[in-house]
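The values are calculated or read from the model by the stated rules, or taken from the named source; none is laboratory data. Here the structure is a predicted model, which is why all the values come from computation and not from measurement. No Cβ is skipped: glycine too gets one built from the backbone with ideal geometry, and neighbour counts run over all protein chains shown. Please note that ligands, DNA and RNA were not included when accessible areas were found on the heavy atoms of the full protein model with its side chains. Shrake-Rupley method; radii C 1.70, N 1.55, O 1.52, S 1.80 Å.
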Amino acid sequence: MDIELRELLSIEKRRQKNTIELIASENYTSRSVRKLVGSIFTNKYAEGYPSNRYYGGCVVVDKVENLARERLITLFKATGYHANVQPHSGSQANMAVYKAVLEIGDTILSMDLNSGGHLSHGSPVSFSGKEYNIISYGLNDSELIDYEDMLEKTKKYKPKLIVVGASSYTRIIDFAKCKEIADSVNAYLMCDIAHIAGLVVAGLHPSPVGYADFITSTTHKTLRGPRGGFILCKEEYSELIDKAVFPGIQGGPLMHVIAGKAQCFYEASKLKFREYQMQIVRNVKAMEKIFLENNVKLVSGGSDNHMLLINVKDSFGITGKEAEQILDDIGVACNKNMIAFDTAKASVTSGIRIGTPAMTTKGFKESDFEEVAKIIICALSGRQRKEDLIDRVEKLLHKWRFSSFNW
Ligand code: DSN
């Protein structure tokens, strides 16, 4: 390996080992996933789909892709759905659904970015906001999804597609209710479960299967697989979706990543994965308890899933940007995040988002996360010296240095 890259790789490895990783969308994949993603499957061109490729020599990769598709359907108990495992990312998966069933200019109703939605759900700076007519629903006074607002806007604007799912929402999403609302105007329902996919698999969040016409997701968040996306669609839309992905918006599929996805779906089907997801939620609850005991303001008052949104402006009198930097300086990674009804810019924000999936993979339990929450409070309130906080972070990480987690 080139010496500069070897050096950068080893620095990044050290950073990942020595950081308390609280970015809610990140995780650590297994060695098997990484081995497949770094494998010779990367050498293969396979434009098309199994048994219908534009290149020869696809016998083996056909089997890999079929395995991934079958495992995905089994994992989500998605009988009656078709799987497409080729999207390079969650945004590509979402784009493919739009291209499959919408014309440019059609109306999409989705959660607005400030309330927790995703860029590809219609932000003006994304293709989605530029190409479609976006109407947004948001949160109510309790900082929960405002289903009444969703219904009212559905009736008023008659969207062709309703998008449900979020990047920063800490509560359960009522897919059954969303389906009822979509049905009221015969709209398609797309559920983007990128963040909560692992929880859905484990039965800790209701599944959109049966309700959604289209389910999109990434594979690298709570699902703990390689970086990438997938789509599950009702069988009647299979041809539209496949054509929208390839040749619609993508060329050759990343067969090495699809192999990694197949491995991820295998790992996620194990009992151990369910235990892991349960620990993720218990760990969030452990932090929630400490924050609430210390009068830290949490968006919606807490969490039912893998993440928490802290209102750092009201709790500590600082911006999200400042909070992110203070925590970064002591070895705790998180991201600044808009909070409900935020008046600050997206590059500043009044909140931070923290999640437990990554450190739960490293072995952290409730008591560790209680200490993490206490470290965050001390850091953001300026109650303890930076050097002492770094010591506390190192102590925690050292405890789990030899956990079963595999580098
Ligand atoms: N950027 C991802 C997140 O952090 O939630 C969503 O794509």
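Accessible area per residue of the chain at 1.4 Å probe, in Å²? Can you show the working numbers first?
Details: 17860 Å² over 407 residues.
I get 44 Å² per residue for the chain.
Mind ordering 177-184, 88-95 by average Cβ neighbours within 10 Å, highest first? Don't jump to the answer; show the numbers that get you there.
Working: 177-184: 18.5, 88-95: 23.6.
Most protected by this proxy first, the peptides run 88-95, 177-184.
Of the peptides 331-339, 77-85, 140-148, the ranking by mean beta-carbon count within 10 Å, highest at the top, reads 331-339, 77-85, 140-148.
Percent of C-alpha pairs per 10 Å bin in the chain, short distances first: 5, 22, 31, 26, 13, 3, 0.
Placing +1 at every Lys and Arg Cβ and -1 at every Asp and Glu Cβ, with all other atoms neutral, what dipole size does segment 120-233 have around its Cα centre, in debye to the nearest 20? Before the final figure, lay out each step's value.
Working: 12 positive and 12 negative charges, 81 e Å.
Around 380 debye, computed over segment 120-233.
Beta bridges assigned by DSSP with both partners in the chain are antiparallel in approximately 55 percent of cases. Rolling a 1.4 Å probe over the protein heavy atoms of the chain, with every protein chain left in place, gives an accessible area that is 51 percent carbon and sulfur. Taking a ≥ b ≥ c as the square roots of the eigenvalues of the Cα gyration tensor, an a/c ratio of 1.5 or more together with a/b larger than b/c marks segment 222-336 as prolate. In whole Å, how far is the Cα centre of segment 348-407 from that of segment 38-65? After rounding, the separation between the Cα centres reads 42 Å. Each peptide in 385-397, 223-235 receives the mean, over its residues, of other Cβ atoms within 10 Å, and ordering these scores from highest gives 223-235, 385-397.
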